[in-house]
Amino acid sequence: MIAVFDGKHAFLSNFFPSPFEVDGVTFPTVEHWFQAVKTFNPKEFRSIAAAETPGKAKCMGRRAILRPDWEEAKVDVMRRGLRKKFAIPELRAK
């Protein structure tokens, strides 16, 4: 069982650098993606996607105007982000 995303398991964290692009927007981490997609507000979305760190993206996402379908969409949003992350050959190999 993995108790923490540290050491050899650090790459499993949503905060781990794993840049990917969706619709012309680059997300530095899965956390940036997950938090940005919480909102349909374009200004909030862009700000969260460009946040300096995944921790800042998370804080911004907690204050964002949630899209109306967020509770239904969030699992699929995370799944999509993880698929993008693990499409990166070095991460997939781990």
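The values are calculated or read from the model by the stated rules, or taken from the named source; none is laboratory data. If you're wondering where the values come from, they're calculated on a predicted model, not measured in any experiment. Quick reminder, even Gly has a Cβ in these numbers, built from the backbone with ideal geometry, and neighbours come from all protein chains shown. All accessible areas refer to the heavy atoms of the entire protein, side chains included, with ligands and DNA or RNA removed. Shrake-Rupley method; radii C 1.70, N 1.55, O 1.52, S 1.80 Å.
If you go through the range 38-94 and keep only what is of a type in the set (K, R), within 15 Å of E21 (Cβ to Cβ) and in contact (Cβ under 8 Å) with a residue 60 or more places away in the chain, you end up with K84, K85. Within the range 53-73, the only residue that satisfies the criterion of being charged (D, E, K, R), closer than 17 Å to S13 by Cα and out of contact with any helix residue (DSSP H, G or I) (no Cβ under 6 Å at 6 or more places or on another chain) is K56. Applying the criterion of being of a type in the set (D, E, K, R) and farther than 16 Å from M78 by Cβ to the residues of the range 1-36, the residue that is surrounded by the fewest Cβ atoms within 10 Å (Cβ to Cβ) is D23. Could you grab me the full set of residues in the range 37-52 that are surrounded by fewer than 16 Cβ atoms within 10 Å (Cβ to Cβ) and either assigned to a helix (DSSP H, G or I) or in contact with an Asp or Glu (Cβ under 9 Å, 6 or more places away or on another chain) (or both)? Once the filter is applied, which keeps residues that are surrounded by fewer than 16 Cβ atoms within 10 Å (Cβ to Cβ) and either assigned to a helix (DSSP H, G or I) or in contact with an Asp or Glu (Cβ under 9 Å, 6 or more places away or on another chain) (or both), the range 37-52 yields P42, K43, R46. Among the residues examined, E71 qualifies as outside any loop (DSSP other than H, G, I, E, B), open to solvent by 90 Å² or more (accessible area, probe 1.4 Å), of a type in the set (D, E) and at pLDDT 95 or above.
Out of the residues in the range 74-85 meeting the condition of being within 14 Å of F27 (Cα to Cα) and out of contact with any strand residue (DSSP E or B) (no Cβ under 6 Å at 6 or more places or on another chain), tell me which one is most open to solvent (accessible area, probe 1.4 Å). Out of the qualifying residues, it is R83.
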